[in-house]
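Encoded as structure tokens, the structure appears first; notes follow it.
The values are calculated or read from the model by the stated rules, or taken from the named source; none is laboratory data. It should be emphasised that the depicted structure is a prediction, and the values quoted were computed from it without experimental measurement. For neighbour counting, all protein chains shown are included, and Cβ atoms are generated from backbone atoms with ideal geometry for every residue, glycine included.
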Amino acid sequence: MNSFVFATDSNFARGDDALIVDVPLYLEDKKALFAWFANSLSLPNYFGANWDALDECLRDLSWIQQRKIILVHSKLPLSGNKADQLTYVEMLNSVVQSWNSDDAHDITVIFDPSCQSAINALTAGA
């Protein structure tokens, strides 16, 4: 079971205390994905550009002023590598589940509904 929202409109998640980040379409490999996250979320200098480091940073987010962080995906990144896609999806799911309502931050991951079958197919064998 995943903790993602599948919607074409992310306006329901917007608010005064929200950082909305649109994940671009061109993130086809891990290097590009890690660089994009480092830049878009102003990840700390110690970010190691690997899955464990991204997971750790997304569970912290103490440097971000807004309480809500919303990652909006119009498509599933890393299309050239199913193993990396699965790692990405599983990591995001785990990160979303790790936040509690009383935490300093809350993260929401939104995917376009067209991504749902691909995500279900990826995670079915995991």
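Points to keep in mind about this one:
- Given (1) in contact with a Leu (Cβ under 6 Å, 6 or more places away or on another chain); (2) more than 16 Å from Leu25 (Cα to Cα), number of the condition Gln65 does not satisfy: (1)
- Total residues in segment 81-126, condition in contact with a His (Cβ under 8 Å, 6 or more places away or on another chain) and either under 28 Å from Ser62 (Cβ atoms) or part of a loop (DSSP other than H, G, I, E, B) (or both): 5
- Failed criterion for Asp103 (all others in (1) of a type in the set (Asp, Glu); (2) surrounded by 14 or more Cβ atoms within 10 Å (Cβ to Cβ); (3) farther than 14 Å from Ser3 by Cβ hold): (2)
- Filter result (surrounded by fewer than 17 Cβ atoms within 10 Å (Cβ to Cβ) and of a type in the set (D, E, K, R)) within segment 81-99: Lys82, Glu90
- Test result for Leu78, touching an Asp or Glu at 6+ places or on another chain (Cβ under 9 Å), at pLDDT 95 or above, assigned to a loop (DSSP other than H, G, I, E, B) and surrounded by 12 or more Cβ atoms within 10 Å (Cβ to Cβ): yes
- Looking only at residues of segment 28-73 that are at pLDDT 95 or above, assigned to a loop (DSSP other than H, G, I, E, B) and touching a helix residue (DSSP H, G or I) at 6+ places or on another chain (Cβ under 6 Å), we find that the one that is surrounded by the most Cβ atoms within 10 Å (Cβ to Cβ) is Leu43.
- For beta carbons closer than 7 Å, sequence separation of 6+ or different chains, a first residue in segment 105-126 that is at negative phi and a second that is outside any strand (DSSP E or B) and hydroxyl-bearing (Ser, Thr, Tyr), the qualifying pairs are Ile110/Ser10; Asp112/Thr8; Asp112/Ser74; Pro113/Thr8.
- For segment 81-101, the set of residues classified as touching a residue at least 40 places away in the same chain (Cβ under 8 Å) and out of contact with any Asp or Glu (no Cβ under 6 Å at 6 or more places or on another chain) consists of Asn81, Lys82, Asp84, Leu86, Tyr88, Val89, Leu92, Asn93, Val95, Val96, Gln97, listed by residue number.
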